[in-house]
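Student: Sharing a structure here in structure tokens format.
The values are calculated or read from the model by the stated rules, or taken from the named source; none is laboratory data. If you're wondering where the values come from, they're calculated on a predicted model, not measured in any experiment. Here the Cβ is made from the backbone with ideal geometry for all residues, glycine too, and neighbour counts use every protein chain on show. These accessible areas exclude ligands, DNA and RNA; they are computed on the full protein's heavy atoms, side chains included. Shrake-Rupley method; radii C 1.70, N 1.55, O 1.52, S 1.80 Å.
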Amino acid sequence: MQVVLKDLNKYLRSKNSIQLFILLTVCEILNLQASILTAEELHAHPGSIVFNAVQGHSLSDTRSIFIFTSLGTTINWSQSKDVSWLTPDLQNGVTDGILKIGVNITGKQPGIYYGNITIQSPQSSAGPVIVSVTLVINPDVPVKITTWRDGHNGAMSVCVDDSKSSGFDELQANGFKGTYVLEGVSPPSFYTDYYNAGMELGSHTVDHPCYAVSDDVLRTQEIEPNILALCTNTPEPCKDVISFVWPCGFTNYREQAVASEYFLSARGYNINQLEDATPDNFMNLKSYNSHESTPYPPSDLKTVVDAAVDQQKWFNLVLHDYTNDDGAISYANSKDIWVNSIGTVIKYILQRDRFILTNYNASYDRITYNVSRLQIPSSVSKNFEDAFGPNDVITMQIDIDDSKTVENVFINGVSNPYQTKNLNGNIVLFTNVSLASSLTKTVEIKYHVTTIGLTITGVTANNKVYNGTTAATLNTVSAALVGVVPGDVVTLVSAGATGTFVNKNVGTGKTVSTSGFTLGGTDAGNYTLTQPSLFANITTANLAISGVTANNKVYDGTTTATLNTGNAALVGVFGSDVVTLISTGATGTFADANIGTAKIVYTSGFTFGGTDSGNYTLTQPTTTANITGIILTVTGVTANNKVYDGTTAAT
């Protein structure tokens, strides 16, 4: 067929119309036969797409499905979805075409959701194409995966095409890793040294076709021998050959679908644009040309570094024979941009977009949660999970409590490196985690344990009568803790609590210190307890006097009583208190002056002294005594003398 077409131009210039007619007829017949022998098939790539969202936050991102045919003819297609949350931008279209898919997460809880987009055409001899869609909704918590590793604002990759060696010294000098792609089947000798220095080796076909080739040619003549040459002649394993570059930047959707069987990404050319944080087409990554190729990139590639940082995008810089980067590689070392190979950046993106967070919990002394990720889809030719190793990490950003100091970060109980940064006045923590498919890890951010002080309310001390001690009686029925962090289990134990007056002496509003209050509960060890300070009164104790008696007396018309105080003593003095009775001014008084027995005698004038006397009051004693009648005599009476008359009568 191609021979006939090549000869067409020659026959068109000839004057032999009969031959021209015959040629055209043959072409038509051959074309008819080709269409009969080979039926058109509808295809699409990628075969699966994934979204990662946060509960309660709308997601504006879309994913593209690239629809094409096996022979490149134009046919109609239509799509259908099997879940309501999928939002395609088109209902139908023609090949080649792009179907953009969005998601509506309104009202959805955290979890993993699955759906399918079915694309079909009555003009296709193949069955419908089904593209699986996975939606991850993570809880709205202060943890996220940073757009770029270590929280950088942008990303940059340097890719050197056509088996060239440029850029290596600059990458090495700045501690960066780049991508070097092989053209042909004979890797240059320096590739081994470059690989051992950390550079990625990628594929650039065998024959560098800057035009379309068949699927079979692309697979068996361009890609597979090129990969095998890398695996055989360099230290890089076949599983790690995951990056591809289109020769001259030429590609189409059909070839991209073939490339996706072997590679995680394919880089384009002649685009001169930054790549998005999640590429719209992993099989035709945007890049900037080297200066010797048209269309020319900006005159100063350092400006592209700045643009990537400002827009949080990915700058793919292409080099060929010369390191004509305008100093952009060294310049990037002073900017907030992550520079690494294409394969490493792609693996970061794929893991970031498949990140799953569960079981978030924050307490006063730690933050814990679980992390995992979805599996990276395999192809008919490759299990891409094999390309991921322990160094392929993603960066978690955790909004920590600014008032606390982080003591350590643990992943599955093992200490993990971390750093903190002040982002616009807010302290956040960054730590990296390596995730394997279907493996859940536990993350713990532990704060430096500074116990929280608790106080107690509702405790009172009883007033008391002086008893010579400092002991105070406490009322703890209404006692309660103040300051417990919500959710913590902490209880107040009052059984051993005691109170103590500041001293034993009488007074009002006296300070009562307490002790013996303790904490219980599973979180008690995270707290300290301040024993409450209270106030109460001590009133005076009453003293009595014993051993005081009153003398009986003969009625004398007064109430005065004479007291006997020789045996007088105080009753009620506590312990070793120094209190003395003073009786010198004591007096007694009968209730009345009349004669009688056991008459009450009131006393007064007893006082007391001593260093502890101020803590007492004194009750004056009472006693009893008798008042007897007085014997009277008569004066002025005389008896007359008489003559004996035999009687005792006298006049």
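Student: Is it fair to say Thr611 is open to solvent by 30 Å² or more (accessible area, probe 1.4 Å) and within 30 Å of Asn503 (Cβ to Cβ)? Spell out how you get there, then give the answer.
Tutor: Numbers: open to solvent by 30 Å² or more (accessible area, probe 1.4 Å): yes; within 30 Å of Asn503 (Cβ to Cβ): yes.
Here the answer is yes, as Thr611 does meet what is asked.
Student: Related question: Between Thr192, Thr179, which is more than 22 Å from Trp246 (Cβ to Cβ) and either crowded, with 17+ Cβ neighbours inside 10 Å or in contact (Cβ under 8 Å) with a residue 40 or more places away in the chain (or both)? Step through it out loud before you land on a result.
Tutor: Working: Thr179 fails: more than 22 Å from Trp246 (Cβ to Cβ).
Step by step, each of Thr192, Thr179 is checked, and only Thr192 is more than 22 Å from Trp246 (Cβ to Cβ) and either crowded, with 17+ Cβ neighbours inside 10 Å or in contact (Cβ under 8 Å) with a residue 40 or more places away in the chain (or both).
Student: Might you check whether a residue that is loosely packed, with under 11 Cβ neighbours inside 10 Å and modelled with pLDDT of 95 or more occurs anywhere in segment 76-87?
Tutor: Of the residues in segment 76-87, the ones loosely packed, with under 11 Cβ neighbours inside 10 Å are 84.
With the extra rule that they be modelled with pLDDT of 95 or more, the set shrinks to 84.
Yes: segment 76-87 contains one or more residues that are loosely packed, with under 11 Cβ neighbours inside 10 Å and modelled with pLDDT of 95 or more.
Student: Under the condition of being of a type in the set (Val, Ile, Thr) and at pLDDT 95 or above, which residue from segment 451-471 is surrounded by the most Cβ atoms within 10 Å (Cβ to Cβ)?
Tutor: Within segment 451-471, the match that is surrounded by the most Cβ atoms within 10 Å (Cβ to Cβ) is Val459.
Student: Which one of these is under 30 Å from Thr473 (Cβ atoms), more than 60 Å from the chain's Cα centre (by Cα) and either assigned to a loop (DSSP other than H, G, I, E, B) or of a type in the set (A, V, I, L, M) (or both): Thr611, Thr558, Thr638?
Tutor: So the residue among Thr611, Thr558, Thr638 that is under 30 Å from Thr473 (Cβ atoms), more than 60 Å from the chain's Cα centre (by Cα) and either assigned to a loop (DSSP other than H, G, I, E, B) or of a type in the set (A, V, I, L, M) (or both) is Thr611.
Student: When you check Val339 against the structure, is it over 26 Å from Lys164 (Cβ atoms), crowded, with 22+ Cβ neighbours inside 10 Å and out of contact with any Asp or Glu (no Cβ under 9 Å at 6 or more places or on another chain), yes or no? First the steps, then the outcome.
Tutor: Details: over 26 Å from Lys164 (Cβ atoms): no; crowded, with 22+ Cβ neighbours inside 10 Å: yes; out of contact with any Asp or Glu (no Cβ under 9 Å at 6 or more places or on another chain): yes.
Taking the combined requirement at face value, the residue does not satisfy it.
Student: Consider Thr395 carefully, then state whether it is assigned to a strand (DSSP E or B), surrounded by 15 or more Cβ atoms within 10 Å (Cβ to Cβ) and β-branched (Val, Ile, Thr).
Tutor: Yes, satisfied.
Student: Shifting gears a bit: Looking at Lys177, Lys164, which is the one that is in contact with a Ser or Thr (Cβ under 7 Å, 6 or more places away or on another chain), basic (Lys, Arg) and farther than 29 Å from Asp96 by Cα?
Tutor: Working: Lys164 fails: in contact with a Ser or Thr (Cβ under 7 Å, 6 or more places away or on another chain).
Unique residue meeting the criteria: Lys177.
Student: Closer than 26 Å to Ala212 by Cβ, in contact (Cβ under 8 Å) with a residue 40 or more places away in the chain and not in a strand (DSSP E or B): which single residue out of Ser64, Ser125 fits that description? Outline the logic, then answer.
Tutor: Numbers: Ser64 fails: not in a strand (DSSP E or B).
Going through Ser64, Ser125 in turn, just one is closer than 26 Å to Ala212 by Cβ, in contact (Cβ under 8 Å) with a residue 40 or more places away in the chain and not in a strand (DSSP E or B): Ser125.
Student: For segment 487-511, what are the residues that are of a type in the set (Val, Ile, Thr) and either assigned to a loop (DSSP other than H, G, I, E, B) or in contact with a Pro (Cβ under 9 Å, 6 or more places away or on another chain) (or both)?
Tutor: Initially, segment 487-511 is screened for residues of a type in the set (Val, Ile, Thr), giving 489-491, 493, 498, 500, 502, 506, 508, 511.
Correct list: Val489, Val490, Val502, Val506.
Student: Sort out which residues of segment 583-608 are assigned to a strand (DSSP E or B), open to solvent by less than 60 Å² (accessible area, probe 1.4 Å) and not polar (S, T, N, Q), and write them in order of number.
Tutor: Correct list: Gly588, Phe590, Gly596, Lys599, Val601, Phe608.
Student: Next up: What strands (runs of 3 or more DSSP E) completely inside segment 294-376 contain at least 3 residues that are closer than 15 Å to Ala155 by Cβ, modelled with pLDDT under 95 and β-branched (Val, Ile, Thr)?
Tutor: none
Student: What is the one condition in (1) closer than 29 Å to Leu301 by Cβ; (2) crowded, with 16+ Cβ neighbours inside 10 Å; (3) among the basic types (Lys, Arg) that Arg366 does not satisfy?
Tutor: Checking Arg366 against (1) closer than 29 Å to Leu301 by Cβ; (2) crowded, with 16+ Cβ neighbours inside 10 Å; (3) among the basic types (Lys, Arg), the one that fails is (1).
Student: Do you know which of the residues in segment 232-291 that are in a helix (DSSP H, G or I), more than 29 Å from Asn324 (Cβ to Cβ) and in contact with a strand residue (DSSP E or B) (Cβ under 7 Å, 6 or more places away or on another chain) is least open to solvent (accessible area, probe 1.4 Å)?
Tutor: Taking the candidates together, the pick is Ala257.
Student: With the condition kept exactly as written, say whether any residue in segment 421-428 is in contact with a Gly (Cβ under 6 Å, 6 or more places away or on another chain) and surrounded by 16 or more Cβ atoms within 10 Å (Cβ to Cβ).
Tutor: No, that holds for no residue.
Student: Might you let me know whether segment 434-441 holds any residue that is open to solvent by 60 Å² or more (accessible area, probe 1.4 Å), touching a Ser or Thr at 6+ places or on another chain (Cβ under 7 Å), closer than 22 Å to Gly343 by Cβ and assigned to a loop (DSSP other than H, G, I, E, B)?
Tutor: Yes: segment 434-441 contains one or more residues that are open to solvent by 60 Å² or more (accessible area, probe 1.4 Å), touching a Ser or Thr at 6+ places or on another chain (Cβ under 7 Å), closer than 22 Å to Gly343 by Cβ and assigned to a loop (DSSP other than H, G, I, E, B).
Student: Of Ser546, Ser604, Ser533, which residue is small (Gly, Ala, Ser) and under 60 Å from the mean Cα position of the chain (by Cα)? Before you say what the answer is, go through the steps one by one.
Tutor: Numbers: Ser546 fails: under 60 Å from the mean Cα position of the chain (by Cα); Ser604 fails: under 60 Å from the mean Cα position of the chain (by Cα).
Step by step, each of Ser546, Ser604, Ser533 is checked, and only Ser533 is small (Gly, Ala, Ser) and under 60 Å from the mean Cα position of the chain (by Cα).
Student: With the requirement that a residue be in contact with a strand residue (DSSP E or B) (Cβ under 8 Å, 6 or more places away or on another chain), part of a loop (DSSP other than H, G, I, E, B) and within 25 Å of Gly268 (Cβ to Cβ), what does segment 167-187 give you?
Tutor: Matches in segment 167-187: Gly167, Phe176, Lys177, Gly178, Pro187.
Student: Still on this structure, please answer the following. Which of the following residues is open to solvent by 30 Å² or more (accessible area, probe 1.4 Å) and hydrophobic (A, V, I, L, M, F, W, C): Val506, Val490? Write out each step before concluding.
Tutor: Values: Val490 fails: open to solvent by 30 Å² or more (accessible area, probe 1.4 Å).
That would be Val506, the only listed residue that is open to solvent by 30 Å² or more (accessible area, probe 1.4 Å) and hydrophobic (A, V, I, L, M, F, W, C).
Student: Let me ask another. Applying the selection to segment 141-166, what residues are part of a loop (DSSP other than H, G, I, E, B), open to solvent by 30 Å² or more (accessible area, probe 1.4 Å) and under 30 Å from Phe355 (Cβ atoms)?
Tutor: Selection gives Val141, Pro142, Thr147, His152, Asn153.
Student: Can you tell me which residue within segment 567-582, out of those that are closer than 19 Å to Ser604 by Cα and in contact with a Leu (Cβ under 7 Å, 6 or more places away or on another chain), is most open to solvent (accessible area, probe 1.4 Å)?
Tutor: Val571
Student: Also: Any idea how many residues of segment 199-225 are open to solvent by 10 Å² or more (accessible area, probe 1.4 Å), within 18 Å of Glu236 (Cα to Cα) and part of a helix (DSSP H, G or I)?
Tutor: Counting residues in segment 199-225 that are open to solvent by 10 Å² or more (accessible area, probe 1.4 Å), within 18 Å of Glu236 (Cα to Cα) and part of a helix (DSSP H, G or I) gives 2.
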